[in-house]
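What follows draws every value from the coordinates through simple rules; no lab data is involved. From a predicted model like this one, the values you see are computed outputs, not experimental measurements. Here the Cβ positions follow ideal geometry from the backbone for every residue, glycine too, while neighbour counts run over all protein chains shown.
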Amino acid sequence: MVDKDNTVVPAAEATGLSRREFVTGIGGTGVGLVLGGLLVKGFMLPDEVYAIPASEGYLLVDTKKCAGCESCMLACSLVHYGRENTSLARIQITQDPFGTFPQDLQMDQCRQCPYPACVDACPTGAMHADAATGARMVDERKCIGCERCVNACPFTPSRVQWNHEDKHAQKCDLCKDTPYWNHEGGADGMQACVAICPMKAISFTKEIPAQSEQGYQVNLRDAHWGHIGFPTDDAGKIVPQPAPAPAPAAK
Amino acid sequence: MGRRAVVGTVASLAFVAGIAFAVRSASVQGAGLLFDSATWLVWLAPFAGVLAAGVTKRKDPVIEGERVLRHDDAAILEHWAHGIGTAVLLVSGIALGFLFVPSLLGAGEPVWAAMNVHFVAVVVFLFGTFYYAANTALALKRFAEHLPTRDAIDYTRRHYGLLLGFKKLTFPPERKYFESEKMAFILALVSTVVIIATGLVKVAAHAIEVPGWLLAVATPAHDIATVAMLAFFLAHVFFAAILPMSWPVLRSMFTGYVPLDYARHEHAGWIAELEGREVTDVKGSN
């Protein structure tokens, strides 16, 4: 038995279009539009140009000054998530108990790359450059958890981490989005890791560093460093200058 | 080998080949996710389903000697496309992690492979679902026969009460679909609509700029609808494939036919309709 599905659509009675003709038309038009759009996009439109503004801020570190206390990691987690968890930190301090100074410690901060492979790899635009500051950051609502950004980061360990608790990618945003900190963050504000570091081993600059390992590794050892008896140069040839003796108390 | 078997075999092989391609492409250096590189297939599948329905001629159920045509070719196609698509979507989606369920796949290639498998299943699921929807639009009686009636609670109580051994109950004259199936259909319908609407928003994010707030709504809604779909799916598989009483109907999802004797017992109301008789309900002392 064959259905008689040629019922006339009431709204289209004037045209005499049957319901089947209407459905077939919708399907055919849709298929045509999708395939036509595919052809136009593939053969007639120019390739997309990938351009992204530079970040307006960068973190610089001095691993020779770092004591490995991980205060920066705890502060990073605290200001972003309201809880202290080194696994949620966006700056990573890794230590090698068998290494010798200065190879026994690594400070792995996001470099806010001029060409951010993480942003390029993101399929949904979740990883993006902040419109105001250029900081490369994650819109957690858009993250689908594919972790291509984690994989795309050219550095080891990846400067993009997987937030295992809230299930989204995360990376340093220069403290642009810090709901648990009552300071203004971002490229024009403060950064929690810079503010908290007791050794002053992390600093912030608005100048794009040289794109090399050395570009992001700087000497932050000032005179005070010498006062406590440590050399202030990388080769250790400058003799530390003890702090001047305190003035005798007035009687 | 009949035409239906040939078509089924070819379609199954194509699906398996698609899954294999999806898994393989996840490990190809530099290859993007299929959701990125082949997004157009997601938009094509619903329209292809609608177009296919437009050119499909359906056959109504009919008694043919000692058997009854329960499902025509279109019903079999839409059922298996929707069902297999749903099964693969559930497995790949749950493995990827959702709501409070962590990802079972770790990171990297296994995750990308699961996303690609999800993509292939999305295409099949969308085709099957829109094929069904358009077929239903062409014959609204097919939609009506899926909806619960005022007998829903009474029939379900008697039907499953008898199965549980309450002998004083009488078997209700169920129509083409059991009243319990019809109630479950509502859950499947609602979860399917939510899954498709939110899923298309998630897919759109691969092609255009979708507002973050919309994705913040779509993602948890997609996940919650998945739970509803999982509940329906497990119940459906149990009652429609595992319980021996349902095996004749399961077989009909391949052959199209159920034995007339079986249909007279399990679907007395339906057979009465096909024979043009009044549906009579002999109620026991319940």
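Below, the figures for the structure above:
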| quantity | calculated |
| --- | --- |
| Listed peptides A:134-141, A:28-35, A:240-247, A:171-178 by packing density, highest first (mean Cβ within 10 Å) | A:171-178, A:134-141, A:28-35, A:240-247 |
| Cα centroid separation, segment B:246-277 to segment B:148-203 (Å) | 17 |
| For the protein assembly as shown, average projected area of the Cα convex hull in nm² | 39.2 |
| Net charge over other residues, Cβ less than 11 angstrom from the Cβ of A:Met137 (K, R count +1; D, E count -1) | -1 |
| Lysine pairs with alpha-carbon atoms under 28 Å apart, chain A, spacing 8 or more or separate chains | 20 |
| Candidates B:Met245, B:Met115, B:Met229, ranked by Gaussian network fluctuation over chain B, Cα under 10 Å, top entry | B:Met245 |
| Summed residue charge, Cβ within 11 Å of A:Ile91's Cβ, Lys/Arg positive, Asp/Glu negative | +1 |
| Helix A:19-39 vs. chain A, principal-axis angle (Cα, 0 to 90°, nearest 10) | 40 |
| Fluctuation leader among B:Ala31, B:Ala137, B:Ala263 - chain B, Gaussian network, Cα springs under 10 angstrom | B:Ala31 |
| Burial ordering of B:Tyr155, B:Tyr257, fewest other beta-carbon atoms within 10 Å first | B:Tyr257, B:Tyr155 |
| Estimated translational D of chain B in µm²/s (Stokes, Kirkwood radius over Cα pairs; 20 °C; 1.002 mPa s) | 103 |
| Free-standing Cys, the protein assembly as shown [no other Cys Cβ under 4.7 Å] | A:Cys66, A:Cys69, A:Cys76, A:Cys113, A:Cys122, A:Cys143, A:Cys146, A:Cys153, A:Cys175, A:Cys197 |
| Pairwise Lys count, segment B:3-274 - Cα closer than 19 Å, eight or more residues apart or different chains | 5 |
| Antiparallel bridges, percent of DSSP beta bridges restricted to the protein assembly as shown (to nearest 5) | 90 |
| Shielding by partners, peptide A:142-153 (average Cβ within 10 angstrom, other chains) | 5 |
| Ratio of the Cα radius of gyration of segment A:94-158 to 2.2 N^0.38 Å, where N counts its residues | 1.36 |
| Ellipticity estimate at 222 nm from DSSP helix runs (n ≥ 4, -39,500 (n - 2.57)) divided over chain B, nearest 500 | -22000 deg cm²/dmol |
